[in-house]
1. When the range 44-70 is examined, which residues are found to be at pLDDT 85 or above and aliphatic (A, V, I, L, M)?
2. I'd like to know if the range 65-77 contains one or more residues that are in contact with a Phe, Trp or Tyr (Cβ under 9 Å, 6 or more places away or on another chain) and part of a helix (DSSP H, G or I).
3. Residue 30 fails exactly one of the following numbered conditions: (1) over 16 Å from the mean Cα position of the chain (by Cα); (2) in contact (Cβ under 8 Å) with a residue 12 or more places away in the chain. What is the number of that condition?
4. Looking at residue 32 and the list (1) within 30 Å of residue 116 (Cα to Cα); (2) of a type in the set (Phe, Trp, Tyr); (3) at pLDDT 85 or above, which single condition is not satisfied?
5. Tally up the residues in the range 71-86 that are modelled with pLDDT of 70 or more and β-branched (Val, Ile, Thr), please.
6. Go through the residues of the range 1-18 one by one and say whether even a single one is surrounded by 10 or more Cβ atoms within 10 Å (Cβ to Cβ), touching a residue at least 60 places away in the same chain (Cβ under 8 Å) and of a type in the set (Lys, Arg).
7. Of 87, 82, 61, which residue is out of contact with any helix residue (DSSP H, G or I) (no Cβ under 7 Å at 6 or more places or on another chain) and surrounded by 10 or more Cβ atoms within 10 Å (Cβ to Cβ)?
8. Only one of (1) β-branched (Val, Ile, Thr); (2) more than 20 Å from residue 8 (Cβ to Cβ); (3) surrounded by fewer than 15 Cβ atoms within 10 Å (Cβ to Cβ) fails for residue 113. Which number is that?
Amino acid sequence: MASNSFKLKGWAVTLASGIFALASKESDKMYFLITYVPVIVFWFLDAYYLWQERLYRTLYNDVRMKDENDIDFSLNVSNYANNPVKNTFCSSLLSKTEIWFYIPLALICTCVIIITHI
């Protein structure tokens, strides 16, 4: 799941750069706003994979502490989604790894839009 995060971040940068490369200075300003769509979509997808990784890590930690006879080998993580500390989608969405990548990417997109339309 960690490789998914890396790939999603790469795709977010690639698509944002591609949209800027295809847009010309004379194009409509609304065309540039499309750049925010992949940034937001990939941010949510990346947070989803981080959330799933956290759930499975919690499951693993729970299973490793059990006696071998008590393990049921179920991969159902729905019981672990209620942990309010780290196992919520919002905590994954606003984690350091997500915030420090997607907010600067959105700010760079904003700066490019401002610079190209002055």
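The values are calculated or read from the model by the stated rules, or taken from the named source; none is laboratory data. Quick caveat, the model's predicted, so the values are computed rather than measured. FYI the Cβ positions are ideal-geometry reconstructions off the backbone, even for glycines, and counts take in every protein chain you see.
1. 45, 47, 50, 55
2. So in the range 65-77, the residues in contact with a Phe, Trp or Tyr (Cβ under 9 Å, 6 or more places away or on another chain) come out as 75, 77.
Applying the additional criterion that residues be part of a helix (DSSP H, G or I) yields none.
Checked against the condition, which is being in contact with a Phe, Trp or Tyr (Cβ under 9 Å, 6 or more places away or on another chain) and part of a helix (DSSP H, G or I), the range 65-77 yields no hits at all.
3. With respect to (1) over 16 Å from the mean Cα position of the chain (by Cα); (2) in contact (Cβ under 8 Å) with a residue 12 or more places away in the chain, residue 30 is out only on (2).
4. So residue 32 meets the others, but not (3).
5. 2
6. Looking for residues that are surrounded by 10 or more Cβ atoms within 10 Å (Cβ to Cβ), touching a residue at least 60 places away in the same chain (Cβ under 8 Å) and of a type in the set (Lys, Arg), one finds at least one in the range 1-18, hence yes.
7. Numbers: 87 fails: out of contact with any helix residue (DSSP H, G or I) (no Cβ under 7 Å at 6 or more places or on another chain); 82 fails: surrounded by 10 or more Cβ atoms within 10 Å (Cβ to Cβ).
Of the residues listed, the single one that is out of contact with any helix residue (DSSP H, G or I) (no Cβ under 7 Å at 6 or more places or on another chain) and surrounded by 10 or more Cβ atoms within 10 Å (Cβ to Cβ) is 61.
8. Only one criterion in (1) β-branched (Val, Ile, Thr); (2) more than 20 Å from residue 8 (Cβ to Cβ); (3) surrounded by fewer than 15 Cβ atoms within 10 Å (Cβ to Cβ) is unmet by residue 113, namely (3).
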